[in-house]
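The values are calculated or read from the model by the stated rules, or taken from the named source; none is laboratory data. Computed from a predicted model, the values in this text were never measured in an experiment. Heads up, the Cβs are rebuilt from the backbone with ideal geometry, glycines too, and the neighbour counts pull from every protein chain shown. Protein only, heavy atoms only, side chains kept; ligands, DNA and RNA dropped before computing areas. Shrake-Rupley method; radii C 1.70, N 1.55, O 1.52, S 1.80 Å.
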Amino acid sequence: MTGEMIFVAIIIILMLIGLSFEVIRADFLIFLALVIFLLSGVISSEQALKGFSNEGMLTVLLLFIVAGAIQKHGIIEMIVYRLLGKAKDARKSMIKVTLPIGFASGFLNNTPIVVALTPIIRDWAVDNGLSPSKFLIPLSYMTILGGTITMIGTSTTLVVHGLLLGNGMDGFSFFTTTVVGVPITIAGIIYLSTVGYKLLPEHLGAKDQISQETKEFLAEAIIEDNFEYQKNTVTELGSSVLDGIYIIEIIRNNSRVYPVAGDTKILTGDHIIFSGSLNTIGKIQKFKGVTIKTGTELTLDDVKNKDSHLVEAVVSHNSSLLNKTLKQANFKARHDAGVIAIHRNNQRIKSRVGDIVLKTGDTLLLLADNAFIENNKYSSDFYVVNDVAPPENLNQDMRKGWIGLIALISMILTVTLGWLSMLEAMLLLVVLLIGFKFITPNEIKKFVQFDVILLIASAFAVGEAMTESGLAQYIASGLTTLATPLGILGVLVITYIVTNIFTEIITNSAAAVLMFPISLEIASVLGIDYMGLIVTVAIAASASFMTPIGYQTNLIVYGPGGYKFTDYVKVGAPLSILTMIIACSIIYTVWY
């Protein structure tokens, strides 16, 4: 290995470690690697910027807008409600909803589909006496599998398509991956309705668990006449009486003080509703003039009123809240919402809410108003997944939803017939959607996930650095030497396994970009058609089932389903092996 190859390898290893331990946001970390490679001279300015003008990346951006316009008008939710109906048989109900959703994911971006449907399916399951955890992992897995049916179903295939075009090669056709995508989607639904269904846990969601534990951590402090700190503010009492608790609201003279600010004064007769550990509650009880009520009939529903709702939000892997406490993140001031409790790995964290350092996948139970739901519906900080009736001013229009869906199908048809390229078709569709006011320019900012765009664009430069330094060829030679005795099928299997490991520990797009130059070099060394290996990379990078962090949709259902990390391994490992066997067999038969 040359010095430059060693340098590139070290930076990429550090990047992978950073991604695995979530040191900083994934998009910033990969962008940082881009900057290092540029400043060190490994890649040129043109190579560094190549990803930002790539056709695949631009198409992903446009698809976010199209999917957002269709989702906005509620057409997806309406279809799912009609499909679900009343639950008579849990497995049949799961098949009824996941199968059409899986195939729909081939034509719509799967992330907004899962964001929209998670609260609907979870609450439907609870209403019908079923465990949400039996439905939400299948929802995520089926959208992942369905996304491989066409070129636009997932950002991974679009990124790989863009890489092919950027290297002067023929890109994917609209249905290049269909020959693999359809069989693995069908196999997925069969697995999830049989063996997988038995492996799925029967957990309660975070909100349901918290509701059952209310008496343990939700308490009421009554301020008596002899309280010695009369008219002191919340801030002034923070280091003494109120130390170690998180105030949700104050009931005063049959009215509610919410949200509670630092300058709110504590008065005689106040009923302070707060959350805290048992030790904390015991300390407060010792202060003169304070009476604590626990173990009463007080429940979470008692702290809701017509202007506030219980909201469940999952911290995203790109959140600005990561590795900060609520106080450090200035949560209450920024979001005007009170955090009642935090769940992690299916367990409520039994300490002062305000002192908990937030991590990816944490589920926050919030008391918030309608404005929070509207303002954070498409926030990159977290996914709002609680089933809350949308504010009336969203003005969902089913007619526009159907028209938008028909327009998308029409554009796909023009691409299939070769009349327009995918980029041209999506550009035309976005112009029409804006022109006929199906979506406004301000709404576009909410729907486009700019962190994903930055990640994809930056990842292109990392791939360029691997190619330019010769590292891709070096790794390819090693893999080829290892796999050659096993034949072409062995090469496909090893390529699939390495790509799949990458996608489980980093991200699907980054895994595809890292493996793209390696797979091209392998094809060149062996003298075989590159397309089969590229399709292998695209499928393997998409098929993330064994961790909640490998793919966004897995993370979205993590908290609402009350899952543990091990649940993904237990249910996802057999599906990963099944998908690999089917995909590699078909790719070998079709291309080799």
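Annotations
- Condition met for PRO138 (assigned by the TED database to the domain that holds ILE70 and under 23 Å from THR363 (Cα atoms)): yes
- Where LEU520 falls short, out of the listed (1) assigned to a helix (DSSP H, G or I); (2) among the aliphatic types (A, V, I, L, M); (3) within 23 Å of VAL23 (Cβ to Cβ): (3)
- In this structure, LYS88 does not satisfy being basic (Lys, Arg), within 22 Å of the chain's Cα centre (by Cα), more than 23 Å from ILE501 (Cβ to Cβ) and at pLDDT below 85.
- Test: residue in region 11-32 that is in contact with a helix residue (DSSP H, G or I) (Cβ under 8 Å, 6 or more places away or on another chain), over 29 Å from SER320 (Cα atoms) and assigned to a helix (DSSP H, G or I): no
- Residues satisfying the stated conditions in region 213-239, i.e. at pLDDT below 80 and surrounded by fewer than 12 Cβ atoms within 10 Å (Cβ to Cβ): SER239
- Here LYS283 clears all of (1) assigned to a loop (DSSP other than H, G, I, E, B); (2) modelled with pLDDT under 80; (3) open to solvent by 60 Å² or more (accessible area, probe 1.4 Å) except the condition numbered (1).
- Here ALA476 fulfils each of the conditions (1) open to solvent by less than 10 Å² (accessible area, probe 1.4 Å); (2) closer than 28 Å to LYS50 by Cβ; (3) under 30 Å from the mean Cα position of the chain (by Cα) apart from (3).
- Wholly within region 434-506, helices (runs of 4 or more DSSP H) carrying at least 1 residues that are in contact with a Cys (Cβ under 8 Å, 6 or more places away or on another chain) and hydroxyl-bearing (Ser, Thr, Tyr): 487-505
- Residue list for region 537-592, restricted to those being outside any helix (DSSP H, G or I) and either more than 16 Å from THR503 (Cβ to Cβ) or without any contact (Cβ under 8 Å) to a residue 60 or more places away in the chain (or both): MET546, THR547, GLY550, GLY559, PRO560, GLY561, GLY562, TYR563, LYS564, TYR592
- Filter result (crowded, with 24+ Cβ neighbours inside 10 Å and within 15 Å of PRO201 (Cα to Cα)) within region 120-132: ARG122, PRO132
- Where GLY106 falls short, out of the listed (1) outside any helix (DSSP H, G or I); (2) over 23 Å from GLU504 (Cβ atoms): (2)
- Selection of region 491-515 for residues being open to solvent by 10 Å² or more (accessible area, probe 1.4 Å), at pLDDT 90 or above and not aliphatic (A, V, I, L, M) yields only ASN500.
- Residues located in region 30-51, provided they are open to solvent by 20 Å² or more (accessible area, probe 1.4 Å) and in contact with a Gly (Cβ under 9 Å, 6 or more places away or on another chain): LEU32, LYS50
- Evaluation of VAL159 against (1) surrounded by 24 or more Cβ atoms within 10 Å (Cβ to Cβ); (2) closer than 30 Å to ILE518 by Cβ; (3) modelled with pLDDT of 90 or more; (4) in contact with a helix residue (DSSP H, G or I) (Cβ under 7 Å, 6 or more places away or on another chain) (one fails), failing number: (3)
- Selection from region 173-201 of residues that are in contact with a Lys or Arg (Cβ under 7 Å, 6 or more places away or on another chain) and not aromatic (Phe, Trp, Tyr): SER193, LEU199, LEU200
- If only residues of region 1-28 that are modelled with pLDDT of 80 or more and among the small types (Gly, Ala, Ser) are counted, the one that is surrounded by the most Cβ atoms within 10 Å (Cβ to Cβ) is GLY18.
- Condition check for LEU533: among the hydrophobic types (A, V, I, L, M, F, W, C) and over 19 Å from VAL491 (Cα atoms): no
- Hits in region 407-446 (condition: crowded, with 21+ Cβ neighbours inside 10 Å and either touching a strand residue (DSSP E or B) at 6+ places or on another chain (Cβ under 8 Å) or of a type in the set (Phe, Trp, Tyr) (or both)): PHE438
- Residue match in region 248-258 (condition: at pLDDT below 85, part of a loop (DSSP other than H, G, I, E, B) and loosely packed, with under 12 Cβ neighbours inside 10 Å): yes
To keep it simple, each residue is scored yes or no on (1) at pLDDT 90 or above; (2) open to solvent by less than 10 Å² (accessible area, probe 1.4 Å); (3) outside the structural domain of LEU199 (by the TED database).
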| site | (1), (2), (3) |
| --- | --- |
| GLY527 | no, no, yes |
| ILE539 | yes, yes, yes |
| ALA543 | yes, yes, yes |
| PRO548 | no, yes, yes |
